[in-house]
Amino acid sequence: IDRCDIALLLFDSKEGVTAQDVKIASYIIDAGKSVIIIANKWDLTDRSTETFKKLEQTVRDKYISMPWAPFMVMSALEGHNTQRVLKLIDDVMKNSETTIPTSRLNKMLHDAQIIHPPPKRDSRHPLKLYYATQISNRPPTFLIFTNTRTEIHFSYRRFLANQIRAINEFTGWPFRMIFRHKHEERGRR
């Protein structure tokens, strides 16, 4: 996982997602790697749209922290969708080359705070998000300057992540947000 750019998380479509599959997925996320979720042995199912939808819902329920990960089915034995896997790998890799201009990120940050104001950091001081910039591509990493040194609540982090994905989905990639007090020295977190 550490040496790859894109991990293909395969599981048996008849067996379903196992606890071991979920554990491997957490390693992929922790390593900041891209992932494509693939249900193999599709030839052993009835191949109906209903079966696909149920399988996809199971995957989304099990991998709730990976809604950005593409999902597909294939049959390695029959070669079904094997070429599609290669195209999807290319598409996901192209997503990693995207850099959102700082001006677009800052407009998103401004608009996000209007749509959903940040929580107060204490009883008197509202949290302020001053500006953001993308500092890395693999994984996409965003540095956001604030007026606080305390941790930003996970629900607001998720809201901001969704706002960034509205600009560019970064399909297949987790991304990181680093919050830094506007007066902190460069290089410190």
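Some points to look at:
- Over the C-alpha atoms of region 40-132, the Rg to Rh ratio, Rh being the Kirkwood estimate, stands at 1.20.
- Rounded Å value of the spacing that divides the Cα centres of region 84-162 and region 1-72: 26
- HN-Hα J in Hz across region 55-64 - Karplus 6.51, -1.76, 1.60, θ = phi - 60°, x for Gly and Pro: 5, 5, 5, 4, 4, 5, 5, 6, 10, 4
- Computed with a 1.4 Å probe over protein heavy atoms only, the accessible area of LYS23 comes to about 110 Å².
- From phi via Karplus (6.51, -1.76, 1.60), per-residue ³J(HN,Hα) for region 67-72 in Hz, x at Gly/Pro: x, 7, 7, x, 10, 8
- The residues of the chain present an accessible area of 59 Å² per residue when probed at 1.4 Å with all protein chains retained.
- Overall Cα dimensions of region 83-140, principal axis frame, Å, largest first: 57, 20, 18
- For the chain, convex hull volume per residue from C-alpha positions, Å³: 139
- When you restrict to C-alpha pairs under 8 Å that are six or more residues apart and normalise by the size of the chain, the relative contact order lands at 21 percent.
- Of all accessible heavy-atom area on the chain, the percent that carbon and sulfur account for (1.4 Å): 51
- Within region 8-71, the proportion of C-alpha pairs whose separation exceeds 18 Å stands at 30%.
- Peptides 7-17, 102-112 ranked from most to least packed, by the mean per-residue count of other Cβ atoms within 10 Å: 7-17, 102-112.
- Taken over region 96-189, the percentage of Cα pairs per 10 Å bin, counting from 0 up to the bin with the maximum distance, is 15, 52, 29, 3, 0.
- For region 34-85, a Kirkwood hydrodynamic radius built from all Cα pairs, placed in the Stokes-Einstein relation at 25 °C and 0.890 mPa s, yields a translational diffusion coefficient of 213 µm²/s.
- From helices alone, the chain scores -11500 deg cm²/dmol at 222 nm; the rule is -39500 (n - 2.57) for each run of n ≥ 4 DSSP H residues, then divide by the residue total.
- Applying 1/(1 + (r/R0)^6) with R0 = 22 Å to the Cβ-Cβ distance of ASN147 and ILE115 gives a FRET efficiency near 0.70.
The values are calculated or read from the model by the stated rules, or taken from the named source; none is laboratory data. Predicted model, so just to flag it, every value in this text is computed and none were measured. Note: ideal-geometry Cβ built from the backbone for every residue, glycine included; neighbour counts use all protein chains shown. What goes into the accessible areas is simple: the full protein's heavy atoms, side chains included, and nothing from ligands, DNA or RNA. Shrake-Rupley method; radii C 1.70, N 1.55, O 1.52, S 1.80 Å.
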